[in-house]
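Any read-out appearing in this document is the output of simple, stated calculations on the displayed coordinates, not a laboratory observation. Keep in mind that what you see is a predicted model, and the values were worked out from it rather than measured. Cβ placement follows ideal geometry from the backbone for every residue including glycine, while neighbour counts extend to all protein chains displayed.
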């Protein structure tokens, strides 16, 4: 069976999907300012509208885990009852910060893990059980590292890239 993988870039000005004011923290405001946030919120809302109760999100190059943590929190506000998040990064200090931040999240419906790993190997392992959503910076989907677009597509059903990263790469015309 062939699965269709969608590659989605966040629109410059999309409909605003914000967490309820009672759940908004400084971290969530930062995550919601990320250019990928509208696409993340729309994807989660679409899954929930499809009567899904669980979601699996992988964040490639998660840094300190802020976007993944806030995506998981937002999924919970939408009514998901089982949220699995997996962050991958190659920087030990950032993974440590992400793990520390995840310990402050006390919700039994949310399970977060952060791994210090080689990105190519970690994405190849994710293909065994593809995520619903894969978050990435577009530099992984280009020629900078051959094969990353294929690894990203295999790691999840929907890949949400960062258009800002792509814009920084493009040479001036």
Subject >> Potential extension, residue 128-residue 107 segment - 0.36 nm per residue separation minus Cα distance >> reply: 4.9 nm
**OP:** At 7 Å along the Cα-to-beta-carbon direction for both residue 117 and residue 29, put a label point, then send me their distance in nm to one decimal.
**Re:** 3.5 nm
Subject >> Whole-number D in µm²/s for region 39-169 (Stokes-Einstein; Kirkwood sum over Cα pairs; 10 °C, 1.306 mPa s) >> reply: 108 µm²/s
**OP:** Quantify how much of the Cα-Cα distance distribution of region 26-72 extends past 16 Å, in percent.
**Re:** 38 percent
